[in-house]
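Read-outs throughout are calculated quantities, based only on the coordinates presented, and are distinct from any laboratory measurement. Given the structure is predicted, the values throughout are model-derived calculations rather than measurements. Every residue, glycine as well, gets a Cβ built from its backbone with ideal geometry; the counts of neighbours run over all protein chains shown.
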Amino acid sequence: MSFLYRKAAQMLLKCSKGEGIKEVLLEKEDKSVKKLYSILYNALEDLNILDKIYNIYLSKICKNKFLGIILLSVLVHRHKIDGGGKLKREIQKKEKEILNFYKKIQGESYNNNILQTKIIWKYFLIYGNDISIKEELTKSLQIVQDEDIKNLYKINNDKVKMLIDSSFYRENKIRIIDKTSCLVVKAGHIKKGMVIVDICSSPGSKAIFSLISLKKKGYLICVEKNKKRCFTLLNEILKIGEYDGLYLNERFNESEKIALNKHNFLNNKKHNIYYIKHKHNELTIKIYNCDFLNLSSEDFPDNIDVVFIDPSCSSSGMPDFVYKRNIENIFSDKNEKHDRSIMIKTNKTKNEKNTENINKFSNISKMKNINELYNRKEESKNCISETMSKSMIPKVPSIFQDKVKKLSDFQKQILTHALVKLKGSNTFIYSTCSLFEEENEQVIHEVLQKNSDFYLKKAGKDKFLYNNYKYDFSKKCVRTFPEKDLCRGIFISKICRKKI
C-alpha cells in the first residue's frame with residue numbers, strides 16, 4: 001500500500017483532534033504536499049458518504065477508520081488504489097458494490113459543494129502600497145481592487161498558488177488577508193496616533209491592518225493567551241521589515257532584546273510581556289501572552305481609542321466549517337461509541353430462519369441503522385450549507401448545541417470583562433467568524449442588559465448591515481455571508497459607552 005495513504009490518514013487523525021486542515025498540511029515540508037492536499041480534500045468533500053460506506057463494507061476488516069476513509073476516497077475518485085497489501089485486496093473484492101453504492105448515494109442526496117455558483121475571492125495587501133509590485137503581479141494575475149477596502153486587492157481563489165509562488169510573497173512584501181478582518185478594523189475608524197487594544201489577537205490579521213491604519217504612529221496592545229498562537233502573532237508582525245523586536249521592556253534596551261525562536265519561546269516560562277517598535281520609533285506594540293480575564297484596568301493605558309474583542313467561536317462562517325464539523329461529528333468519541341452501539345445491536349439480531357434469510361435480514365437491518373447515522377450526520381451539514389447559500393442565519397445543529405453554549409458563555413464573559421475593566425475606552429468592536437445568533441446577537445443582548453451604560457452604533461456600510469428583526473440593535477450590526485459577499489462569514493458590532 002502507498003505510504004502516501006498512511007500519511008493522509010495521519011493528517012485526518014490530527015484534524016479529528018482539532019488541528020486546522022491547512023496547519024496539518026503545512027506542518028512539515030513535504031514534496032508530496034500537492035498529492036496529500038488532493039487526497040485529503042477529496043476525502044473531506046465526501047466524508048459523510050465515505051463514513052457510510054466504511055460502516056457497511058469496511059468496518060469489520062479495517063479497524064483504522066482514518067485509513068479506511070482515505071482508501072475508500074481514493075477508490076471512488078481514481079477507481080484504483082496504488083500499492084498492495086491485504087486491505088487493498090479485501091477492498092477490491094467489494095469494489096463493484098462500493099462504486100455502485102457511492103454513485104447511487106451521491107446522485108440521490110449529496111451536495112458536496114458548499115458554494116455552488118460563486119467563488120470566494122482571495123484577498124491580499126501590498127505593504128507600503130507599492131504600485132510597482134501591483135504592476136508586476138498584474139503581468140501574470142488578474143488583480144481587482146476591492147470596492148470596500150482601500151488598497152485591498154483580490155484574485156480568484158484558484159490563482160492563489162501563483163501569488164504564493166511569487167518572490168513578493170516569499171520576501172514578505174505582500175500579505176494574504178481576508179476581507180472580513182479589514183471590515184472589523186474599519187469599524188473602529190482608526191486614525192494615525194491612536195491607542196488600540198486587540199484582544200484574542202492571533203493570528204494577527206486585525207493587528208496588521210490596525211498597524212497599517214495607524215500610519216507608523218500610535219500604540220497597539222495585543223492580548224493572546226495561547227503560546228503557539230502568540231508566537232504566530234509575533235512572527236507575522238516581525239515579518240514586516242519595518243518592525244524591530246522582541247524587547248522585554250518598553251525602554252527598548254538592546255540588552256533586553258531577544259530573538260524570536262520558536263523552541264525557546266514555547267518553552268519560556270519566565271516572560272509573558274513583549275514589545276516591538278517601528279523603525280521610526282513613533283509606534284509601539286505591546287504583547288501580553290496571558291489570559292485577558294486575568295488582566296485589569298491597571299494593565300492598560302488610561303485612554304484607549306478602540307478595543308477589538310474577537311473571542312474564540314465556532315468558526316461557522318469559515319468556508320471549511322462544514323469539513324471541520326463533519327470531522328468532529330464522525331470521529332468524535334461520543335459518536336464513535338454511538339455508532340458502535342448501533343452496529344453491535346444490529347449484529348446481535350437473531351432469526352431462526354435459514355442462513356440465507358438471516359443474512360438477508362441482517363443486511364436490511366444494518367442498512368436501516370446506517371441510514372439513521374447518515375441522516376443524523378447530514379443534518380449539521382445541510383442546515384449550514386443551505387442557509388449560507390441563502391444569506392440566512394442558520395440554527396445550531398443539535399450535535400453542536402452544547403459546544404456553542406459553552407462558547408457563548410465564554411464570549412459573554414470576555415466581552416463583559418472588556419466593558420467593565422477597560423474604563424479608558426469608549427469604543428468596543430465585538431466580532432466573531434460565526435454565523436450563529438447564539439454567539440453574536442444573543443451575546444450582545446445579554447451583556448448590554450447587565451451593562452446599561454452602553455449602546456450600539458452602525459458597524460459598517462449599509463450594504464453589510466443585517467436586520468434579523470429579533471433585536472432592535474441588529475440593524476446596526478454587520479453580517480457577511482460567503483455566498484453573497486464572496487468572503488468569510490463575519491459578525492461585527494460597535495458598542496459605545498454613553499457619555500455622562
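The phi-based Karplus calculation (6.51 cos²θ - 1.76 cosθ + 1.60; θ = phi - 60°) puts the 3J(HN,Hα) values of segment 223-240 at 10, 9, 6, 6, 5, 5, 5, 5, 4, 4, 4, 4, 5, 5, 5, 6, 4, 6 Hz, whole numbers, x for Gly and Pro. The spacing between segment 30-81 and segment 285-312, judged by their C-alpha centroids, is 45 Å.
In a shell of Cβ-Cβ distance under 10 Å around K216, excluding K216 itself, what net charge do Lys and Arg (+1) and Asp and Glu (-1) give?
Summing Lys and Arg as +1 and Asp and Glu as -1 gives +2.
Given F464, C433, F410, which one lies farthest toward the positive end of the charge dipole of segment 404-500, if we put +1 on the Cβ of every Lys and Arg and -1 on the Cβ of every Asp and Glu? Positive-most Cα among the choices belongs to F464. Taken about its Cα centre, segment 1-112 carries a charge dipole of about 480 debye when Lys and Arg each add +1 at the Cβ and Asp and Glu each add -1 at the Cβ.
Residues H263, H189, H445 in ascending order of nearby Cβ atoms (within 10 Å, fewest first): H263, H189, H445. In order along segment 428-434, phi translates into HN-Hα couplings of 10, 10, 9, 9, 9, 9, 10 Hz, rounded to whole numbers, per the Karplus curve 6.51 cos²θ - 1.76 cosθ + 1.60 with θ = phi - 60° and x for Gly and Pro.
Arranged from fewest to most other beta-carbon atoms within 10 Å of their beta carbon, M392, M318 become M392, M318. Packing around the peptides 430-439, 198-207, taken as the average count of other Cβ atoms within 10 Å per residue, puts them in this order, highest first: 430-439, 198-207.
3J(HN,Hα) along segment 183-193: 4, 4, 5, 4, 4, x, 6, 6, 10, 3, x Hz, from the Karplus curve 6.51 cos²θ - 1.76 cosθ + 1.60 with θ = phi - 60°, whole Hz, x for Gly and Pro.
Available extension along the chain between K405 and N226 is 62.3 nm, counting 0.36 nm per residue and deducting the alpha carbon span.
Answer rounded, prolate or oblate for segment 122-176, using the Cα gyration tensor with square roots of eigenvalues a ≥ b ≥ c: rounded when a/c is under 1.5, else prolate when a/b is larger than b/c, else oblate. Please report the intermediate quantities before stating the final value.
Values: a/c = 1.44, a/b = 1.11, b/c = 1.30.
The shape class here is rounded.
Taken about its Cα centre, segment 122-176 carries a charge dipole of about 140 debye when Lys and Arg each add +1 at the Cβ and Asp and Glu each add -1 at the Cβ.
Quick one: which of 139-151, 52-64 comes out on top by average Cβ neighbours within 10 Å, and what's the full order, highest first? Numbers along the way, then the final one.
Numbers: 139-151: 12.6, 52-64: 18.0.
Peptide ranking by packing, descending: 52-64, 139-151.
Close amide H partners of C222, meaning residues 5 or more places away or on another chain with modelled amide H under 5 Å apart, are D198, K286, I287, Y288. For the listed peptides 294-301, 458-465, a ranking on the average number of other beta carbons within 10 Å per residue, highest first, reads 458-465, 294-301.
Reducing segment 200-265 and segment 118-161 to their Cα centroids gives an inter-centroid distance of 25 Å.
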